[in-house]
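To keep things clear, I will list the structure first and then write my remarks on it.
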Amino acid sequence: MTDDPIPVLPGQLDVLDALPPERLPDLPGCVRGIVGMTTNAKGRNVYTLQCEECLALETPTHLVLMKTHFHSRGDDRRRLCPDCRVHLFPDCICDHCREDRQSRAKHKEDR
Ligand SMILES: [Zn+2]
Ligand SMILES: [Zn+2]
């Protein structure tokens, strides 16, 4: 178990080119699942989130747009990407899961 703060460097987002092999350490002082932060050209903080199941990284332009959420219900408190949530919790009735299932169903209808 390491508590070393991970350095936040401009080049850190290079990590997005390849899926990390393991769960990255949470950023110190940040909510669980936030594994990186950088500052964009406009001086806004851009956070990197990680799914705790498939380890996919997400870097939303605005934090409110993130899709890699916690469940607001249930016992699984991990941060999960939409694909993992739909896959692992097909019956979950939390807002995020319902939204994810709906957007996926809509996707199928479009085809
Ligand atoms: Zn995932
Ligand atoms: Zn849910």
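The values are calculated or read from the model by the stated rules, or taken from the named source; none is laboratory data. This is a predicted model, so every value here is computed, not measured. So basically every Cβ, Gly included, is an ideal-geometry build from the backbone, and we count neighbours across all protein chains shown.
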| message | Against the definition (more than 9 Å from ligand 2 (Cβ to nearest atom), free of Cβ contacts under 8 Å to residues at least 60 places away in the same chain, assigned to a strand (DSSP E or B) and farther than 22 Å from residue 21 by Cβ), how does residue 46 come out, yes or no? | response | yes
| note | Residue pairs qualifying under the 7 Å Cβ cut-off, at least six apart or on distinct chains, with the first in the range 69-90 being under 13 Å from residue 56 (Cβ atoms) and the second being of a type in the set (Phe, Trp, Tyr), are 79/70
| Across the range 54-108, what is the number of residues that are modelled with pLDDT under 90, among the aliphatic types (A, V, I, L, M) and under 16 Å from residue 33 (Cα atoms)? | 2
| Matching residues, the range 82-96, being near ligand 2 (Cβ under 7 Å from one of its atoms) and either part of a helix (DSSP H, G or I) or among the hydroxyl-bearing types (Ser, Thr, Tyr) (or both) | 85, 96
| Scanning for something surrounded by 11 or more Cβ atoms within 10 Å (Cβ to Cβ), at pLDDT below 60, within 15 Å of the chain's Cα centre (by Cα) and of a type outside the set (Lys, Arg), does the range 16-32 turn up at least one residue? | yes
